[in-house]
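Notes follow once the structure below has been shown.
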Amino acid sequence: MKQERGVVFGTRSVLAVLCLNKTQTRRLGGFRHLNSPAEGGPDRPRLVLMKGALATFGDSIPDDPCPIEITCPYGAPGDLMWVREPWRGPRALDGLKPTQLHDQHGLPLQYEADSARRNWDVRCYGVDAGRRRSSLHLPRCGARLVLRITDVRAERLHSITLQDVKAEGIQMPVAEWDEVGQTRLPTCEGSPYDPGKPLQRWTVRDHWVSYFAREWDKLHHKRAPWKINPWVWRICFRVHSLVTS
């Protein structure tokens, strides 16, 4: 039976999904032990089997007496993920909790990513949006985006390819992208990415990945920074449904 789970996206990720530029996401759920310093070596643990949403780690199969099995907490291929995104309610209702905002017409809200509104009657609420509310506080009834998982795989973060970076919705600044491959292109400022070679020898992938690494560390620098090459779930998806009004 197919399942449905909530998944948190920031405003830029939501915009990328809406523009069909984002069809992948990398998540850390379930890998806290494997990404700890004691298990953080480059060769151990090893992914020895991937079946559906179940990843098996160990030294060898079937000889490993104590394999580690981890199930992707976000779902398996075919499952659905409804998107939790930042939002606002009417300013007149700023004092109410999300569960108190429902009326007979549904939850009045404005999505932070593109200012689109749902169930917003200006005669009742006026035109002013209220305070920003966390993605975590978006009820299921307020979700407009539902994604269908098409593929799941456990992998090391550094294995990301050029095509993967683009599928993550990463956008390089136009001025710098025009210079890719030329020796005068500076590295992405603040990026932890280090391919171990002079800038003059960087490939197109190196430049794109440097931007992805910087964005990754903005979100995960405390829990699982780029430099430790953490295990992640690479989740591929497509838009299953979108409520537009």
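Each row is one residue, and each column tells you yes or no for (1) modelled with pLDDT under 95; (2) assigned by TED's automatic domain parsing to the domain that holds TYR111.
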position: LEU138; (1), (2): yes, yes
position: ASP151; (1), (2): no, no
position: LEU157; (1), (2): no, no
position: LEU162; (1), (2): yes, no
position: ARG184; (1), (2): yes, no
position: THR187; (1), (2): yes, no
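Scan the range 222-245 for residues that are at negative phi and either among the small types (Gly, Ala, Ser) or touching a helix residue (DSSP H, G or I) at 6+ places or on another chain (Cβ under 9 Å) (or both) and report the count.
So the count comes out to 15.
Enumerate the pairs (first residue in the range 12-36 and more than 18 Å from ILE160 (Cβ to Cβ); second residue anywhere and charged (D, E, K, R)) with beta-carbon separation below 8 Å, excluding pairs fewer than 6 apart on the same chain, so at least 6 apart or on different chains.
Note: pairs meeting the criteria are VAL14/GLU85; VAL14/ASP114; LEU15/ASP114; LEU18/ASP114; HIS33/GLU39.
The values are calculated or read from the model by the stated rules, or taken from the named source; none is laboratory data. For clarity, every value in this text was computed on a predicted model and none was experimentally measured. Don't worry about glycine lacking a Cβ; one is built from the backbone with ideal geometry, like all the others, and counts go over all protein chains shown.
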